[in-house]
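Following: one structure in structure tokens, then a few remarks.
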Amino acid sequence: QYNLIADFMLVSLYMPKIKQNKTVFFFFCGGVDSSVSLALLRDAGYDVVGCFIKTWQPDFVTCTWKEERRDAMRVCAQLGVPFITIDAEKEYKESVGEYFINEYRAGRTPNPDVMCNREIKFGVFYQKARELGADYIATGHYAQSKNGKLLAGADKAKDQSYFLWTLTPEILKHT
């Protein structure tokens, strides 16, 4: 079960034209790129919900989630877009934080970004968004998906598909 206390964002510059009145839950932090992406989705006729995900941080890391959440809330208020927050702190600690620590201790090079995408953004967030009625989710990753297949971004220098390689065709059809 997830607490609705945060927002989450995912958007691509590649936005296929689909029927109006589709709901997109958009994971974002309130930064410029994601804010523009949110506005583009809204202006393209989608019913957009801005989403923020609260994740776990170790005690020795300064966490700015409150400021990021506030920025995201302000953008949504300015654009007239609903905003939700999803608390995934426990899930993040268990599936990303502990993975990272265990891999590092074992002498391997972990990739927490891949795990966060699989377990949190396209796991917890995807499931919660679908439960709440989202037709699609969007994030700020620079990549493309078409017919359930992951494709590199048009600009190879900015491509982030490497961080999304664990996504299933089912999830990609709703991204």
Ignoring ligands and nucleic acids, Thr55 exposes an accessible area, probe 1.4 Å, in Å² to the nearest 10, of 30 Å²
Percent relative contact order for region 133-175, counting Cα pairs under 8 Å at least six residues apart, stands at 43 percent
Taking Cα atoms only, helix 32-43 is inclined relative to the longest principal axis of the chain by an angle, in degrees rounded to 10, of 40 degrees
Nearest-0.05 FRET efficiency for Asn21 and Lys149 at R0 = 45 Å, using Cβ-Cβ distance, is 0.95
Given unit charges at Cβ for Lys, Arg (+) and Asp, Glu (-), the dipole magnitude of the chain about its Cα centre in debye, nearest 20, is 460 debye
Of all trypsin sites (Lys or Arg not before Pro) in region 51-124, the ones in DSSP coil with at most 11 other Cβ atoms within 10 Å are Arg108
Any lysines whose Cα falls less than 18 Å from that of Lys121, other than same-chain ones fewer than 8 residues away, would be Lys54, Lys90, Lys93, Lys149, Lys173
In region 66-175, the chymotrypsin sites (Phe, Trp or Tyr not before Pro) that sit in a DSSP loop and have at most 15 other Cβ atoms within 10 Å of their own Cβ are Trp165
Contact order relative to length for the chain, counting C-alpha pairs under 8 Å separated by 6 or more residues, stands in percent at 27 percent
For the chain, the accessible surface attributable to carbon and sulfur atoms (probe 1.4 angstrom, ligands and nucleic acids excluded) amounts in percent to 51 percent
Over the chain, with neighbouring protein chains present, the accessible area per residue in Å² at probe 1.4 Å is 56 Å²
Heavy-atom accessible area with a 1.4 angstrom probe orders Asp155, Asp113, most exposed first, as Asp113, Asp155
Summing -39500 (n - 2.57) over every DSSP H run of at least 4 residues in the chain and dividing by its residue count gives a helix-only mean residue ellipticity at 222 nm, to the nearest 500 deg cm²/dmol, of -8500 deg cm²/dmol
Which of [x] 47, 40, 29; [y] 75, 29, 29; [z] 49, 33, 31 gives Cα extents along the principal axes in Å as computed here? It is [z]
Measure of exposure for Cys63: accessible area at 1.4 Å probe, Å² rounded to 10, is 50 Å²
Label model pair Gln78, Trp165: point-to-point distance (7 angstrom along the Cα→beta-carbon line) in nm is 3.7 nm
Between Glu98 and Gln127, the two model label points (7 Å from Cα along the beta-carbon direction) sit apart by a distance in nm of 1.5 nm
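The values are calculated or read from the model by the stated rules, or taken from the named source; none is laboratory data. What you see is a predicted model; the values in this text were computed from it and never measured. No Cβ is skipped: glycine too gets one built from the backbone with ideal geometry, and neighbour counts run over all protein chains shown. Accessible surface is based on the protein model in full, side chains and every heavy atom, while ligands, DNA and RNA are left aside. Shrake-Rupley method; radii C 1.70, N 1.55, O 1.52, S 1.80 Å.
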